[in-house]
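Written out below as structure tokens is the structure these notes cover.
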Amino acid sequence: MTDDLMAAFIEDSREHLESIEADIMALEKLGGAYEEELINRIFRTAHSIKGAAGFFGLEAIGSLAHKLENALHLLRDQKLLPDRPTCQILLEGFDQLRSMINDPDAGERQDIKALLGAIQGLLTPESIIGTETTLQLRSNHGHSIFDVDLFTLDQGLKGGKFLYHIEFDLIHDMHRKDKTPYEIIKTLQDTGLILDCSVDIEATGTLEKGFAQNIPMNVLFASIIDPDVIGTLIDVPAERIRELDRSMFRFQCPSVSAEAAMVAGDHVPQADVPWSVSGDQAVLRLGEELDLASSKSFRTLFLEAPRDVSRLTLDLRATSRVDAAGLQVLIAALRTCTEQEQGLVLLFGGQLREQFQNLAFGWLLEDDA
């Protein structure tokens, strides 16, 4: 059955990709003009492949399709110009995707880092931060059900969509009803966006400790379909459909490396004094700006922080401006502390609240301390 499902995925993906070159070339000929129907058709190709790749465990194919999807989100929002350089990168990405899908086993072993970087380079600084910031939804047993980046989550919630966690049972909802997981995935893709999809192997248990009589397939789904009718559409019991909101997700460390985030610059962020230690915490007070120019000095100061305290505090109450680069170095600092099992607290004044919200990170900060 798995071979048949994979064959169906390959065949459907090939059909989606048949016209992709012509569509992208048509987009390029528009000379930067916006063509909603054309862009949406290209987007659906990337999205349909990404959604199914998650179920089949095709990480490289899913990652490439996801990067293309992110760029196409910006095209749909008219935040990225569909000019010749952009279209050429998209064309290269879809050509590579076609090659990988034709032979998924070989495709998963290909080195596509340079291509992923080129596609990522199409994004705005704010959207890059969002794509490199991971959120998790955890089960009652503590393991992660979904790992989704902030950019994807925010795109899924646009337009007043509802957000659902749908738990399908591969035994009772599919096999015994003569359905396949791929058929379910295609049905959902016709009515919304699949943000994440995976089989929960941990939930099946073990032979030694006892195992469950089900195999959960979890889908993170965004749709305009009302909660009152979603269960009828997908034929799943109401208790296995949970409506979500973003507050249920936990912030996780971004994938961006600290070295990449701490970009070069010579301007000092005007810290009044280096780290001051009080009890089991160390505090660093920053000056008026934390931006691209000041991040090198911030890195130097941060790497000199005491390691024999359980918590570091960055005091930004005197800081009136933090740009996207400054926000990125704060996230890199959080990642560093998490890896070192050291807490990090941000103190900020009201003047920064709007800036963080504009960068889609107002939820990260607590109220003034």
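Things worth noting here:
- From most to least packed by mean Cβ count within 10 Å, the peptides 291-301, 230-240 give 291-301, 230-240.
- Cut-off 20 Å, label 7 Å out along Cα→Cβ of GLU11, residues of region 97-114 by amide N: 98-105
- Theoretical gain in end-to-end length, SER278 to ASP3 [0.36 nm per residue, Cα-Cα removed]: 92.8 nm
- Relative contact order (%) - criterion: Cα under 8 Å, at least six apart; region: region 1-119: 31 percent
- Each of TYR164, TYR34 was scored by other Cβ atoms within 10 Å of its Cβ. Arranged with the fewest first, they read TYR34, TYR164.
- Ranking of LEU115, LEU330 by count of other Cβ atoms within 10 Å, fewest first: LEU115, LEU330
- Spacing of the two label points (7 Å from each Cα toward its C-beta) at LEU233 and GLU18, in nm: 2.7 nm
- Extension gain, SER320 back to THR124 (0.36 nm per residue minus Cα-Cα distance, nm): 68.3 nm
- Per-residue Cβ neighbour rank within 10 angstrom, fewest leading, LYS67, LYS161, LYS29, LYS50: LYS29, LYS161, LYS67, LYS50
- Reciprocal of mean inverse Cα separation for region 1-57 (Kirkwood radius, Å): 12.6 Å
- Across all directions, the average flat footprint of the convex hull enclosing the Cα atoms of region 1-110 is 6.2 nm².
Readers should treat all values here as calculations from the given coordinates under stated rules, not as data from a laboratory. In this text, all values refer to a predicted model and were calculated from it rather than measured experimentally. Note: ideal-geometry Cβ built from the backbone for every residue, glycine included; neighbour counts use all protein chains shown.
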